[in-house]
């Protein structure tokens with residue numbers, strides 16, 4: 001997000017619109033979230049060879065949509081998107097739990113969000129578990 005100087009004691013005459021602020025906040029969360037994931041040897045291997053800029057963009061669009069923002073998430077469904085990880089790399093529920101734990105830590109520890117909002121985010125993530133793990137269709 002770009003920075004601007006604001007006159008001391010004054011207000012910014014051109015503040016960013018709320019959606020721009022929300023996009024920047026979600027992008028910051030996604031960056032910290034993937035920082036945690038890439039530092040965790042239990043899950044980081046799933047991202048070997050992945051274009052992380054593209055991955056971050058997809059995740060940002062998904063999070064935005066999940067919290068009521070514009071429908072910009074157009075990637076494959078969760079089941080199909082994770083099929084290769086399950087079948088070829090052995091992704092299982094322990095990996096899902098680790099990723100969800102990184103999201104929880106990012107929201108609570110890095111951004112200090114209220115517990116009720118974090119619980120809402122984790123419920124949204126939890127609702128994808130069956131599809132991500134291949135036990136339900138998208």
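Over the alpha-carbon set of the stretch 18-132, divide Rg by the Kirkwood Rh and report the Rg/Rh ratio to two decimals.
Details: Rg = 13.7 Å, Rh = 14.7 Å.
Reported Rg/Rh, Kirkwood definition of Rh: 0.93.
Could you state the number of Å between the C-alpha centres of the stretch 21-74 and the stretch 92-124? Distance between centres, Cα-based: 13 Å.
Summarising the label geometry, the points placed 7 Å from Cα in the beta-carbon direction at residue 83 and residue 135 lie 2.0 nm from one another.
Rule-based calculations on the coordinates, nothing more; no lab input. If you're wondering where the values come from, they're calculated on a predicted model, not measured in any experiment. So basically every Cβ, Gly included, is an ideal-geometry build from the backbone, and we count neighbours across all protein chains shown.
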